[in-house]
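Step one of this worksheet: look at the structure below.
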Amino acid sequence: MARLRWWLPVSVLAVVVMAVAGYLYWPVPDQPEMKTKFIAAPQDQLGPVLIVPGFGGDVSVLTRLADRIRDTGRTVQVLSLPDNGRGDLRVQAQLVAAAASKLRGKAPSIDVIGYSAGGVAARLWLKDYGGAAVTRRVVTIGSPNHGTQLAGLAFAVAADSCPTACQQLADHSRLITALNSPTETPPGPLWTTMWTKVDDTVVPASSGQLRGAVNTELQSVCADDTVRHTQLPNDPLVIGIVLGSIALDPPIKPTAPDCNHLREAAAFDS
């Protein structure tokens, strides 16, 4: 039987091999990554202002601050929290999200002010629930941004008397650790914090600071300021700094020469 012989000239075979190799290994151009472009809220347009109360949920302590902001022509809402602000801070953050969406409406942005634990709830909203994209300014007043040792002590001594929010506000809690990682101030809004060095609730008081924010210890502006935690929102210096922080101009760090001017700014227009 004749043997069938399959053959190709060497030159043709080489071309075939190279073509196949080229087909298999020809580099594919890099494809552009599909990323959602982040567009920050405009800084040159004023929107409404949402104020978030602290642990205990007392809104009355925020009345003077809210009224003074309204006096400048802004729309202001003080959020009411269920469970007297003692429940899960993640749930509170979702309530902030819902209130902010309704309050903002068709406005280009919203400013949010958080007092004490309210600042932590507001930060959770910005970080985990889309708030950074619609927020123009963030202000925290005496907030335990890095937790407070008092909450940790309360949980260690009497866990039953330390509700969910109290546990979450302990220094080095999982919630606080996650909130501050990888960044403490997500891009988009401009950030301001303020605190009193004689704070008897947030310990240490410097827990109120945030990397990337305009951070102000009240006594560095007015050395005679003796306000403690519970009356921070009523302090004329605090109100003056808040007004400057949510104005059209970018917030700047106040200094001692600004003391009297800021306190005077807290007075209502006649």
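General observations
- Residues in segment 44-56 that are open to solvent by 50 Å² or more (accessible area, probe 1.4 Å) and within 15 Å of Val139 (Cβ to Cβ): Leu46 alone.
- All positions within segment 81-110 that are touching a residue at least 40 places away in the same chain (Cβ under 8 Å) and β-branched (Val, Ile, Thr): Val96, Ile110
- Scanning segment 105-154 for residues that are among the aliphatic types (A, V, I, L, M) and part of a strand (DSSP E or B) gives Ile110, Val112, Ile113, Val138, Val139, Ile141.
- The set of residues in segment 84-119 that are under 13 Å from Thr164 (Cα atoms), open to solvent by less than 10 Å² (accessible area, probe 1.4 Å) and of a type in the set (A, V, I, L, M, F, W, C) comprises Leu89, Ala117.
- Here Ala40 clears all of (1) at pLDDT below 95; (2) assigned to a loop (DSSP other than H, G, I, E, B); (3) open to solvent by 60 Å² or more (accessible area, probe 1.4 Å); (4) not polar (S, T, N, Q) except the condition numbered (3).
- Subset tally (residues that are open to solvent by 30 Å² or more (accessible area, probe 1.4 Å) and hydrophobic (A, V, I, L, M, F, W, C)) for segment 57-83: 2
- Residues that are open to solvent by 60 Å² or more (accessible area, probe 1.4 Å), at pLDDT 95 or above, within 30 Å of Ser101 (Cα to Cα) and not in a helix (DSSP H, G or I) do not occur anywhere in segment 215-231.
- Close contacts from segment 39-61, counting a first residue that is without any contact (Cβ under 8 Å) to a residue 24 or more places away in the chain and a second that is open to solvent by less than 10 Å² (accessible area, probe 1.4 Å) and part of a loop (DSSP other than H, G, I, E, B), with Cβ to Cβ under 6 Å and a gap of 6+ residues or different chains, come to Val59/Pro53.
- Residue match in segment 180-189 (condition: farther than 28 Å from Leu89 by Cα and outside any helix (DSSP H, G or I)): no
- Cβ separations smaller than 6 Å between residues 6+ apart or across chains give the following pairs from segment 156-173 residues that are farther than 17 Å from Asn84 by Cα to residues that are open to solvent by less than 40 Å² (accessible area, probe 1.4 Å) and assigned to a helix (DSSP H, G or I): Ala170/Ala151; Ala170/Gly152; Asp171/Gly152.
- Tally of residues being out of contact with any Asp or Glu (no Cβ under 8 Å at 6 or more places or on another chain), aliphatic (A, V, I, L, M) and in a strand (DSSP E or B) across segment 190-214: 2
- Within segment 155-171, considering residues that are open to solvent by less than 20 Å² (accessible area, probe 1.4 Å) and outside any helix (DSSP H, G or I), the one nearest to Gly244 (Cα to Cα): Leu169
- Summed over segment 115-126, residues that are touching a strand residue (DSSP E or B) at 6+ places or on another chain (Cβ under 6 Å) and over 14 Å from Thr185 (Cα atoms) total 2.
The values are calculated or read from the model by the stated rules, or taken from the named source; none is laboratory data. Values in this document were obtained by computation on a predicted structure and should not be read as measured data. So basically every Cβ, Gly included, is an ideal-geometry build from the backbone, and we count neighbours across all protein chains shown. Just so you know, the surface numbers come from the protein's heavy atoms only, side chains and all, with ligands and any DNA or RNA stripped out. Shrake-Rupley method; radii C 1.70, N 1.55, O 1.52, S 1.80 Å.
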